[in-house]
Amino acid sequence: MNTIIGYYSTKFGELWNLNLDDLIKEAMDGILAKTHIEKEQIDAIFFGNMLGGIVEENLLLSAHIAEQLGVHIPIYRVEGACASGGLAFQMANDYLKVHPNATVVVLGAEKMTDIGAEEVTKALASAAGEDEQSVGLTFPGVYALIAQLYLKKYNYTEEHLATVTVKNHAHGVLNENAHFRRLVTVDNVLESPYVAFPLKVLDSSPISDGAAALVLTNNTELIKKSKVAHILSSEVATDSVSIAKREKLDELKATKIAGEKAFKTAGITREDIHVMEVHDCFSIAELLAIEDLGFWKKGEGGARAKEMSTQLHSGSNLIVNTSGGLKAAGHPVGGTGIKQLGEIYLQLTEQAGERQVKNVNYGLAHNVGGSGGVAVVSILGS
C-alpha cells in the first residue's frame, strides 16, 4: 500500500527574506532530514504551484528543483489553482500504483507577498471564470455571494460565520508554523472591515508564503523504519469554472463527487473519520465543505459552527482544521494541500503535540481550486 513516511513544513506567513527557491530548498532539505533518506532514493518529485508564472514570472520550476538537488529524475509541476498541492499528491499516489518499490516527494510552495495585495488578488482571480473576471468579481466576491445566499436561506447571521474563525484561530495558536498564532473573539471578527459583504477581513484566509513536503513510498524497507500513514484514497472531481453555470450556488459539486469516490475507494464510513482538514479559504467555505462531504445535512453548518462542535476538546467525534486551517495557519496556495495532508499524517502518527486528537485511526483532507472548479479529497489511515 502507498504510504506517507514523513512531513515537513516551513513557517507560513509574510517571509520577506525568502524567495520561492529558498522556500523550495528549505522544504526539500527539511523532508530529507526528517525521513533520513538520501536524494538518490527519490524516484520522482511532484510539485504543486499556482502562481510561479505570474508572480515570479518564472516557469519550468521543475528545473529549479533539479538544479538545487543535483538530480535528473522526473519532476512534475502541477497547477490546479488553490488545489495544486492536493492534485500533486493525487498524481503522486497514482504514480506509485504503477511503480513498485518506489519513493517520491510531494512538494507544494508559493511566494505571494512580493507583489501588492491588489496584484495578487488579480493573479488569484485568473482561476475564476471569464464572466467573473470580466466584471471584476474576485474570489472574495464569489464567496460573498455564496455566503449571502446561505445566510438568507437558512436564517443565519454573520455571527455564525465568525465562530468558524474563532475556532480556527484557537487551533492556530497551537501550530508553531501558523501564519497567525493569536486568539480572536466573535466581536473581533464582526468589527473587522468588510472585504465583500457579508465577509470581513477576519472571515478570510491571508496571503501567505510557505512550503510543505511529504515523502510517499511503497518501499517495504523504508516503511518498516518509519512512522506511517497509509493512503486509502485520493480522488479528484471537477466542475464548471463559472459559478453562473453551476447547478447550485450553495454547494460545491466537485467536493460532493470527490468525497463520495474517496469514501467508496477507502472502504470506510464518515463515522470512522474523527479529524479533517478542509478548505476554509473563507469562513463560509468550511461550512459548505463539511456539508458537501456528507458529515452534516445541508443547512446545519451555521448552527453546528456556533456550538463550536468541531473544536479541539469539545468532546465531539469530529474535529476540523487542527492546523488552524487556511484561515489561521495561512494559505500559500500551492503549499496548502500538502500542509493539510501533513496535518492528518501528524494526527495519525501521534506527532501533533498540543493539538493531538485522541483515538484517531482515519483522517480526511479536502483541497479546492477555483471556488469549486476542482476538488481533491484524500483519506488516510493509521
So L15 fits all but one of (1) touching an Asp or Glu at 6+ places or on another chain (Cβ under 8 Å); (2) modelled with pLDDT of 95 or more; (3) in a helix (DSSP H, G or I); (4) farther than 27 Å from K227 by Cα; what number is the exception? (3)
Among the listed residues Y95, Y150, Y194, identify the single one that is of a type outside the set (D, E), touching a helix residue (DSSP H, G or I) at 6+ places or on another chain (Cβ under 7 Å) and either more than 20 Å from V368 (Cα to Cα) or touching a residue at least 12 places away in the same chain (Cβ under 8 Å) (or both). Y150
Failed item in (1) open to solvent by less than 20 Å² (accessible area, probe 1.4 Å); (2) in a loop (DSSP other than H, G, I, E, B); (3) at pLDDT 95 or above, with P100 passing the rest: (1)
If you scan the stretch 325-376, which residues turn out to be open to solvent by less than 10 Å² (accessible area, probe 1.4 Å), part of a strand (DSSP E or B) and aliphatic (A, V, I, L, M)? L364, A365, V368, A375, V376
Verdict on I379 being assigned to a strand (DSSP E or B), touching a residue at least 24 places away in the same chain (Cβ under 8 Å) and buried (at least 24 other Cβ atoms within 10 Å of the Cβ): yes
In the stretch 237-252, residues that are open to solvent by less than 70 Å² (accessible area, probe 1.4 Å) and either touching a Lys or Arg at 6+ places or on another chain (Cβ under 9 Å) or farther than 21 Å from A125 by Cβ (or both) total 7
Identify the residue in the stretch 165-216 that is touching a Pro at 6+ places or on another chain (Cβ under 8 Å) and open to solvent by 40 Å² or more (accessible area, probe 1.4 Å) and, among all such residues, is nearest to G330 (Cα to Cα). F180
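The values are calculated or read from the model by the stated rules, or taken from the named source; none is laboratory data. Model, not experiment: these values are computed from the prediction. A quick note on method: Cβ atoms are made from the backbone with ideal geometry, for glycine too, and the neighbour counts reach across all protein chains shown. Accessible surface is based on the protein model in full, side chains and every heavy atom, while ligands, DNA and RNA are left aside. Shrake-Rupley method; radii C 1.70, N 1.55, O 1.52, S 1.80 Å.
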